[in-house]
Amino acid sequence: FVQPETEEVSGYMAKQGLEPSKAQALAGRFVNFYGSKGWTVGKNPMKSWECSARNWVAGEVESASAKPNQAKPLNGKEWTVADCL
């Protein structure tokens, strides 16, 4: 396994369909996240960063397709800004 550079991950994510600015931001988070964990998945060493990156891209695409600013239930009720203060 060879640890990828952020630019390499960003280019790969862009090829998977993310616009370049989103790919760059997501790639930075990806590299920081796995770098902090020693490039492991659970207790096992990562075998393919590309497979993990595809999962991150899929999650990003899925979350982008959700309705924007849709409040999520908090203990069975919709939350408001007042709940966060």
- Could you tell me which of SER36, VAL9, PRO20 has its Cα farthest along the dipole of segment 1-51 towards the positive end, charges placed at Cβ (Lys, Arg +1; Asp, Glu -1), taken about the Cα centre? SER36
- Can you bin segment 1-47 into rounded, prolate or oblate? Criterion: square roots of the alpha carbon gyration tensor eigenvalues sorted a ≥ b ≥ c, rounded for a/c under 1.5, prolate for a/b above b/c, oblate for the rest. prolate
- Note on the structure: Amide H proximity to VAL41 below 5 Å, modelled H, separation 5+ or other chain, gives MET46
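Computed from the coordinates by the stated procedures, all read-outs in this text should not be read as laboratory data. This structure is a prediction, so every number in the text was calculated from the model and none was measured. Cβ: placed from backbone, ideal geometry, glycine included. Neighbour counts: every protein chain shown.
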